[in-house]
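A short reminder: the numbers here are calculations on the coordinates, not readings from a lab. Everything quoted here is computed from the prediction, not taken from an experiment. Note that we place each Cβ from the backbone using ideal geometry, even for glycine, and neighbour counts take in every protein chain shown.
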Amino acid sequence: MPDSGANRLNRARDGDLVEGPAPPSVRRQDVAFIRKAGAFAGGLLVANSAPHLATAVTGHTHLTPLAGRESSPAVNLIWGLGNALGGLALTRACARTGDHRWDRSLIAFEAGSAAFALWMAASEAVLRVNTPGPVSGDGDAIDLRRV
């Protein structure tokens, strides 16, 4: 029985991601979007690993979902490694095209990393979840809204 066009497209574009005939609902644009979304999420996770790994190395505390605001360096190491490995595995799965060069998944990965960095910088500047506010000479935090 000859392959249908959808079956050949599925094998050519997806490698081992989807085997056999593609469901009628899966189109080339859908697969491309899923790959880019996965690479974007991979970029978010890899970018999220950096502050946790830096916290582990420097011995500070940093907020994690595992142990809250005062998460120890060991907890941050575990969370950071989990994010890094998960993000890299997701990126590898989504960027595997059979070619040795990146496709547009690299742009999606970088956009995910940049989006996370911007969100963290803005949220930390406003909410100060992990950093204390400026301290006055007498040791009290300065309320920047009154300065």
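Key figures for this structure:
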| item | result |
| --- | --- |
| Check: region 67-107 dipole with +1 on Lys, Arg Cβ and -1 on Asp, Glu Cβ, in debye | 100 |
| Ala32 versus Trp119: modelled label distance in nm, points set 7 Å from Cα along the beta carbon direction | 2.5 |
| Whole-Hz couplings from phi, Karplus 6.51/-1.76/1.60, listed for region 80-86; x for Gly and Pro | x, 5, x, 5, 5, 5, x |
| Karplus (6.51, -1.76, 1.60) ³J(HN,Hα), θ = phi - 60°, over region 108-118, in Hz, Gly and Pro reported as x | 5, 4, 5, 5, x, 5, 5, 4, 5, 4, 5 |
| In Hz, Karplus ³J(HN,Hα) per residue of region 92-100 (6.51, -1.76, 1.60; θ = phi - 60°; x = Gly, Pro) | 4, 5, 8, 9, 6, 10, x, 9, 8 |
